1. Do any residues in region 1-20 that are more than 13 Å from LEU65 (Cα to Cα) and touching a residue at least 60 places away in the same chain (Cβ under 8 Å) have Cβ atoms under 7 Å from those of residues that are of a type outside the set (Asp, Glu) and surrounded by fewer than 15 Cβ atoms within 10 Å (Cβ to Cβ), where the two are at least six apart or on different chains, and which pairs are they?
2. Could you tell me which numbered condition SER62 fails, if it satisfies all but one of (1) of a type in the set (S, T, N, Q); (2) out of contact with any strand residue (DSSP E or B) (no Cβ under 7 Å at 6 or more places or on another chain); (3) buried (at least 24 other Cβ atoms within 10 Å of the Cβ)?
3. Residues in region 6-21 that are surrounded by 22 or more Cβ atoms within 10 Å (Cβ to Cβ), under 18 Å from TYR105 (Cα atoms) and small (Gly, Ala, Ser): how many?
4. What residue, among those in region 121-151 that are among the aliphatic types (A, V, I, L, M) and open to solvent by 90 Å² or more (accessible area, probe 1.4 Å), is nearest to ALA197 (Cα to Cα)?
5. For region 216-224, does any single residue satisfy the condition of being hydroxyl-bearing (Ser, Thr, Tyr) and either touching a residue at least 60 places away in the same chain (Cβ under 8 Å) or open to solvent by 10 Å² or more (accessible area, probe 1.4 Å) (or both)?
6. Any chance you could count how many residues in region 180-202 are open to solvent by 20 Å² or more (accessible area, probe 1.4 Å), more than 15 Å from TRP289 (Cβ to Cβ) and out of contact with any strand residue (DSSP E or B) (no Cβ under 8 Å at 6 or more places or on another chain)?
7. I need the full set of residues from region 245-284 which are within 21 Å of the chain's Cα centre (by Cα), among the hydrophobic types (A, V, I, L, M, F, W, C) and outside any strand (DSSP E or B), in order please.
Amino acid sequence: MRTISILGDSISTYQGCVPAGYDIFYQGEVLERSGVASPDLTWWATLARLMGSRVLANSSYSGSLVEGAGFPAGDSDARCEALLAPGGEQPDEVVVFMGTNDYGYGGARAQVAARARQVPARTDLSLIEPGVAGLAPVDAAERFGSAYESMLGRVRLLCPEARVWCMTLLPGRVHGSAAPDFCHNLRGIPMRRYNDAIRRAAAAVGCDVLDVASFGLDYDSLEGTHPTALGMRQLAAMALAAMRGDVRPDPEAFGGDADPASSVWASRVLCDDRPCVGCRWALDTGNSWRCTCLRPETDRGGKAFSPATRWQP
(Lines give C-alpha, C1' and ligand atoms only; values in the text may rest on other atoms or scores of the structure.)
Protein backbone atom coordinates (compact mmCIF):
# COMPACT_ATOMS: atom_id res chain seq x y z
CA MET A 1 0.00 0.00 0.00
CA ARG A 2 1.29 3.45 -0.88
CA THR A 3 2.02 5.84 1.96
CA ILE A 4 1.34 9.52 2.51
CA SER A 5 2.78 12.05 4.97
CA ILE A 6 1.31 15.40 5.99
CA LEU A 7 3.08 18.70 6.63
CA GLY A 8 0.63 21.11 8.20
CA ASP A 9 -0.55 23.38 10.99
CA SER A 10 -3.40 23.21 13.52
CA ILE A 11 -5.96 22.19 10.89
CA SER A 12 -4.06 18.92 10.43
CA THR A 13 -3.21 18.13 14.06
CA TYR A 14 -4.91 15.47 16.16
CA GLN A 15 -4.10 14.09 19.59
CA GLY A 16 -1.85 11.04 19.40
CA CYS A 17 -1.18 11.50 15.68
CA VAL A 18 1.70 14.00 15.63
CA PRO A 19 5.20 13.81 17.12
CA ALA A 20 5.53 14.13 20.89
CA GLY A 21 5.84 17.72 22.05
CA TYR A 22 4.02 19.25 19.07
CA ASP A 23 1.26 21.73 19.85
CA ILE A 24 -2.16 20.24 19.05
CA PHE A 25 -5.52 21.87 18.33
CA TYR A 26 -7.73 18.81 17.89
CA GLN A 27 -7.74 17.46 21.42
CA GLY A 28 -9.89 17.59 24.55
CA GLU A 29 -13.17 19.52 24.35
CA VAL A 30 -12.44 20.64 20.79
CA LEU A 31 -13.15 17.08 19.60
CA GLU A 32 -16.72 17.24 20.88
CA ARG A 33 -17.25 20.84 19.78
CA SER A 34 -16.02 20.16 16.24
CA GLY A 35 -17.53 16.70 15.88
CA VAL A 36 -14.12 15.35 14.86
CA ALA A 37 -14.40 12.57 17.40
CA SER A 38 -11.68 10.31 15.97
CA PRO A 39 -8.62 10.75 13.74
CA ASP A 40 -10.44 8.81 11.02
CA LEU A 41 -12.66 11.90 10.59
CA THR A 42 -9.80 14.29 9.81
CA TRP A 43 -9.37 15.57 6.27
CA TRP A 44 -5.97 13.91 5.88
CA ALA A 45 -7.07 10.46 7.12
CA THR A 46 -10.16 10.68 4.91
CA LEU A 47 -8.04 11.65 1.90
CA ALA A 48 -5.62 8.78 2.52
CA ARG A 49 -8.53 6.35 2.73
CA LEU A 50 -10.04 7.67 -0.51
CA MET A 51 -6.62 7.35 -2.18
CA GLY A 52 -6.23 3.78 -0.97
CA SER A 53 -3.12 4.81 0.98
CA ARG A 54 -2.04 4.73 4.61
CA VAL A 55 -0.70 7.65 6.60
CA LEU A 56 3.00 7.22 7.29
CA ALA A 57 3.63 10.35 9.37
CA ASN A 58 1.96 13.63 10.27
CA SER A 59 4.29 16.58 10.87
CA SER A 60 1.63 19.14 11.80
CA TYR A 61 2.14 21.74 14.52
CA SER A 62 -0.64 24.00 15.74
CA GLY A 63 0.04 27.70 15.22
CA SER A 64 3.12 27.18 13.08
CA LEU A 65 4.02 29.38 10.12
CA VAL A 66 5.96 28.34 7.04
CA GLU A 67 8.27 31.33 7.58
CA GLY A 68 10.46 31.45 10.68
CA ALA A 69 13.93 31.06 12.14
CA GLY A 70 13.85 27.31 12.76
CA PHE A 71 11.53 24.83 14.46
CA PRO A 72 8.51 24.81 14.63
CA ALA A 73 8.36 26.77 11.37
CA GLY A 74 7.59 24.59 8.36
CA ASP A 75 10.80 25.81 6.75
CA SER A 76 12.98 23.87 9.18
CA ASP A 77 14.82 20.57 8.98
CA ALA A 78 13.08 19.18 12.07
CA ARG A 79 9.58 19.67 10.67
CA CYS A 80 10.50 18.12 7.34
CA GLU A 81 12.38 15.22 8.93
CA ALA A 82 9.19 14.35 10.82
CA LEU A 83 7.64 13.36 7.47
CA LEU A 84 9.67 10.15 7.68
CA ALA A 85 8.70 7.08 9.69
CA PRO A 86 10.72 6.50 12.90
CA GLY A 87 12.89 4.00 11.06
CA GLY A 88 13.59 6.45 8.25
CA GLU A 89 11.04 5.12 5.75
CA GLN A 90 10.12 7.75 3.18
CA PRO A 91 6.53 8.38 2.10
CA ASP A 92 5.38 7.82 -1.46
CA GLU A 93 3.48 11.11 -1.35
CA VAL A 94 3.61 14.25 0.76
CA VAL A 95 0.73 16.71 1.12
CA VAL A 96 1.68 20.17 2.36
CA PHE A 97 -1.18 22.23 3.76
CA MET A 98 0.39 25.28 5.41
CA GLY A 99 0.19 29.04 5.16
CA THR A 100 -2.97 29.92 7.06
CA ASN A 101 -0.95 31.23 10.02
CA ASP A 102 1.40 33.18 7.73
CA TYR A 103 -1.70 34.86 6.30
CA GLY A 104 -3.28 35.30 9.73
CA TYR A 105 -0.29 36.99 11.35
CA GLY A 106 0.97 38.73 8.24
CA GLY A 107 4.44 37.27 8.68
CA ALA A 108 6.90 35.78 11.14
CA ARG A 109 7.87 39.14 12.62
CA ALA A 110 4.30 39.76 13.79
CA GLN A 111 4.17 36.30 15.38
CA VAL A 112 7.37 37.10 17.28
CA ALA A 113 6.00 40.48 18.39
CA ALA A 114 2.89 38.68 19.65
CA ARG A 115 5.17 36.41 21.72
CA ALA A 116 3.17 33.45 20.46
CA ARG A 117 3.96 30.06 21.94
CA GLN A 118 5.02 28.81 18.49
CA VAL A 119 7.82 31.35 17.96
CA PRO A 120 11.01 29.45 17.00
CA ALA A 121 13.17 28.87 20.07
CA ARG A 122 16.32 30.35 18.59
CA THR A 123 14.63 33.68 17.83
CA ASP A 124 16.31 36.65 19.52
CA LEU A 125 13.29 38.29 21.14
CA SER A 126 15.32 41.37 22.04
CA LEU A 127 15.41 42.34 18.36
CA ILE A 128 11.62 42.70 18.10
CA GLU A 129 9.52 44.65 20.59
CA PRO A 130 6.28 43.05 21.82
CA GLY A 131 3.27 44.33 19.92
CA VAL A 132 -0.10 43.67 18.37
CA ALA A 133 -0.33 42.44 14.79
CA GLY A 134 -1.68 45.03 12.39
CA LEU A 135 -1.29 45.50 8.65
CA ALA A 136 1.15 43.08 7.01
CA PRO A 137 4.35 44.35 5.37
CA VAL A 138 3.92 45.01 1.65
CA ASP A 139 6.25 42.10 0.83
CA ALA A 140 4.59 39.58 3.19
CA ALA A 141 3.35 37.28 0.42
CA GLU A 142 6.74 37.33 -1.29
CA ARG A 143 8.54 36.48 1.95
CA PHE A 144 6.05 33.69 2.50
CA GLY A 145 6.68 32.38 -1.03
CA SER A 146 10.45 32.34 -0.48
CA ALA A 147 10.04 30.42 2.78
CA TYR A 148 7.59 28.03 1.12
CA GLU A 149 10.04 27.33 -1.71
CA SER A 150 12.83 26.75 0.80
CA MET A 151 10.58 24.35 2.75
CA LEU A 152 9.80 22.39 -0.41
CA GLY A 153 13.52 22.17 -1.13
CA ARG A 154 14.04 20.55 2.27
CA VAL A 155 11.21 18.10 1.59
CA ARG A 156 12.73 17.22 -1.78
CA LEU A 157 16.12 16.48 -0.23
CA LEU A 158 14.60 14.21 2.41
CA CYS A 159 12.04 12.51 0.18
CA PRO A 160 13.53 12.59 -3.33
CA GLU A 161 11.22 9.87 -4.67
CA ALA A 162 8.00 11.24 -3.17
CA ARG A 163 5.35 13.08 -5.11
CA VAL A 164 4.83 16.35 -3.30
CA TRP A 165 1.43 18.07 -3.36
CA CYS A 166 1.03 21.71 -2.28
CA MET A 167 -2.50 22.53 -1.15
CA THR A 168 -3.74 26.08 -1.62
CA LEU A 169 -5.43 27.95 1.22
CA LEU A 170 -9.18 28.05 1.59
CA PRO A 171 -11.83 30.24 3.23
CA GLY A 172 -13.74 28.68 6.09
CA ARG A 173 -17.30 29.55 7.08
CA VAL A 174 -18.61 29.66 10.64
CA HIS A 175 -20.77 26.63 11.33
CA GLY A 176 -24.43 27.51 10.83
CA SER A 177 -23.80 30.57 8.66
CA ALA A 178 -25.97 30.68 5.56
CA ALA A 179 -23.56 32.94 3.62
CA PRO A 180 -19.80 33.54 3.31
CA ASP A 181 -18.23 35.27 6.31
CA PHE A 182 -14.48 34.83 5.77
CA CYS A 183 -11.98 37.70 5.98
CA HIS A 184 -10.21 37.40 2.62
CA ASN A 185 -7.96 40.38 3.30
CA LEU A 186 -7.23 40.27 6.99
CA ARG A 187 -4.07 42.42 7.00
CA GLY A 188 -3.97 44.11 3.61
CA ILE A 189 -2.50 41.18 1.64
CA PRO A 190 -5.37 39.14 0.13
CA MET A 191 -5.28 35.39 0.65
CA ARG A 192 -5.21 34.90 -3.13
CA ARG A 193 -1.69 36.37 -3.18
CA TYR A 194 -0.53 33.70 -0.72
CA ASN A 195 -2.04 31.09 -3.02
CA ASP A 196 -0.22 32.61 -5.98
CA ALA A 197 2.98 32.31 -3.94
CA ILE A 198 2.25 28.63 -3.27
CA ARG A 199 1.74 27.98 -6.98
CA ARG A 200 4.99 29.73 -7.91
CA ALA A 201 6.99 27.91 -5.22
CA ALA A 202 5.59 24.53 -6.28
CA ALA A 203 6.49 25.20 -9.92
CA ALA A 204 10.01 26.32 -8.98
CA VAL A 205 10.75 23.11 -7.05
CA GLY A 206 8.88 20.73 -9.34
CA CYS A 207 5.99 19.91 -7.04
CA ASP A 208 2.29 19.51 -7.81
CA VAL A 209 -0.41 21.95 -6.75
CA LEU A 210 -3.61 20.79 -5.09
CA ASP A 211 -5.49 23.89 -6.16
CA VAL A 212 -8.52 23.46 -3.93
CA ALA A 213 -9.02 27.24 -3.90
CA SER A 214 -9.90 27.10 -7.60
CA PHE A 215 -13.20 25.34 -6.77
CA GLY A 216 -14.52 28.57 -5.26
CA LEU A 217 -16.11 26.89 -2.23
CA ASP A 218 -16.04 27.49 1.52
CA TYR A 219 -15.72 24.74 4.11
CA ASP A 220 -17.57 24.39 7.40
CA SER A 221 -15.54 25.55 10.40
CA LEU A 222 -15.71 26.44 14.07
CA GLU A 223 -14.62 30.05 13.64
CA GLY A 224 -13.52 30.53 10.05
CA THR A 225 -10.36 28.42 10.23
CA HIS A 226 -10.63 25.07 12.02
CA PRO A 227 -12.87 22.55 10.22
CA THR A 228 -15.79 20.79 11.82
CA ALA A 229 -16.37 17.14 10.92
CA LEU A 230 -18.30 18.36 7.87
CA GLY A 231 -15.50 20.74 6.98
CA MET A 232 -13.01 17.87 7.17
CA ARG A 233 -15.08 15.91 4.65
CA GLN A 234 -15.26 18.94 2.41
CA LEU A 235 -11.49 19.50 2.53
CA ALA A 236 -10.85 15.84 1.71
CA ALA A 237 -13.34 15.92 -1.17
CA MET A 238 -11.70 19.02 -2.64
CA ALA A 239 -8.19 17.62 -2.23
CA LEU A 240 -9.13 14.35 -3.94
CA ALA A 241 -10.87 16.16 -6.79
CA ALA A 242 -7.84 18.39 -7.30
CA MET A 243 -5.56 15.34 -7.38
CA ARG A 244 -7.76 13.72 -10.02
CA GLY A 245 -8.17 16.88 -12.06
CA ASP A 246 -11.95 16.85 -11.59
CA VAL A 247 -13.96 19.95 -12.42
CA ARG A 248 -15.57 19.96 -8.97
CA PRO A 249 -15.47 17.86 -5.78
CA ASP A 250 -17.92 15.18 -4.73
CA PRO A 251 -21.23 17.02 -4.26
CA GLU A 252 -22.23 14.83 -1.31
CA ALA A 253 -19.82 16.77 0.89
CA PHE A 254 -21.60 20.00 -0.06
CA GLY A 255 -25.23 19.08 0.41
CA GLY A 256 -25.56 17.60 -3.06
CA ASP A 257 -24.31 20.69 -4.93
CA ALA A 258 -20.62 21.54 -5.39
CA ASP A 259 -21.11 23.89 -8.34
CA PRO A 260 -19.91 27.37 -7.25
CA ALA A 261 -22.49 28.90 -9.59
CA SER A 262 -25.34 27.51 -7.50
CA SER A 263 -24.02 25.94 -4.28
CA VAL A 264 -24.82 27.53 -0.95
CA TRP A 265 -21.13 26.88 -0.19
CA ALA A 266 -19.91 29.25 -2.92
CA SER A 267 -17.19 31.60 -1.68
CA ARG A 268 -17.44 35.36 -1.97
CA VAL A 269 -14.95 38.15 -1.29
CA LEU A 270 -16.89 40.58 0.88
CA CYS A 271 -14.92 43.82 0.77
CA ASP A 272 -13.13 44.26 -2.56
CA ASP A 273 -9.63 43.89 -1.11
CA ARG A 274 -10.09 46.45 1.67
CA PRO A 275 -8.09 45.29 4.72
CA CYS A 276 -9.95 44.01 7.76
CA VAL A 277 -7.62 45.72 10.23
CA GLY A 278 -9.56 48.65 11.68
CA CYS A 279 -12.92 47.46 10.35
CA ARG A 280 -15.70 47.33 12.93
CA TRP A 281 -17.15 44.18 11.38
CA ALA A 282 -13.98 42.08 11.72
CA LEU A 283 -14.28 39.72 14.69
CA ASP A 284 -10.62 39.99 15.74
CA THR A 285 -7.59 41.32 13.88
CA GLY A 286 -5.09 41.38 16.75
CA ASN A 287 -2.78 38.66 18.02
CA SER A 288 -5.74 36.34 18.64
CA TRP A 289 -6.89 36.80 15.05
CA ARG A 290 -9.95 35.09 13.63
CA CYS A 291 -10.82 35.26 9.96
CA THR A 292 -14.49 36.03 10.53
CA CYS A 293 -16.52 38.98 9.30
CA LEU A 294 -19.63 40.04 11.25
CA ARG A 295 -21.22 42.24 8.62
CA PRO A 296 -25.03 41.92 8.70
CA GLU A 297 -24.96 40.79 5.03
CA THR A 298 -23.33 37.55 6.15
CA ASP A 299 -25.67 36.66 8.98
CA ARG A 300 -27.95 33.66 9.25
CA GLY A 301 -31.47 34.20 8.02
CA GLY A 302 -31.10 37.98 7.74
CA LYS A 303 -30.50 38.55 11.46
CA ALA A 304 -27.26 39.97 12.82
CA PHE A 305 -25.81 38.47 15.99
CA SER A 306 -22.93 38.92 18.39
CA PRO A 307 -19.33 37.65 18.24
CA ALA A 308 -20.11 35.36 21.19
CA THR A 309 -22.85 33.73 19.16
CA ARG A 310 -20.58 33.47 16.14
CA TRP A 311 -18.00 31.54 18.10
CA GLN A 312 -20.34 28.66 18.91
CA PRO A 313 -20.49 25.78 16.36
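1. Going by the 7 Å Cβ cut-off, the qualifying pairs are THR3/ARG54.
2. Here SER62 clears every test but (3).
3. Residues in region 6-21 being surrounded by 22 or more Cβ atoms within 10 Å (Cβ to Cβ), under 18 Å from TYR105 (Cα atoms) and small (Gly, Ala, Ser): 1 in total.
4. VAL138
5. Among the residues of region 216-224, not one is hydroxyl-bearing (Ser, Thr, Tyr) and either touching a residue at least 60 places away in the same chain (Cβ under 8 Å) or open to solvent by 10 Å² or more (accessible area, probe 1.4 Å) (or both), which makes the answer no.
6. The number of residues fulfilling the criteria is 4.
7. Listed by number, the residues that qualify are ALA253, PHE254, ALA258, TRP265, VAL269, LEU270, CYS276, VAL277.
Matching residues to (1) within 19 Å of the chain's Cα centre (by Cα); (2) over 17 Å from ASN58 (Cβ atoms):
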position	(1), (2)
GLY88	no, no
VAL96	yes, no
LEU127	no, yes
GLY134	no, yes
ARG143	yes, yes
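The values are calculated or read from the model by the stated rules, or taken from the named source; none is laboratory data. Note that the structure is predicted; figures quoted are calculated from it, not measured. Heads up, the Cβs are rebuilt from the backbone with ideal geometry, glycines too, and the neighbour counts pull from every protein chain shown. Quick note on the areas: whole protein, heavy atoms, side chains included, nothing else; ligands and nucleic acids left out. Shrake-Rupley method; radii C 1.70, N 1.55, O 1.52, S 1.80 Å.
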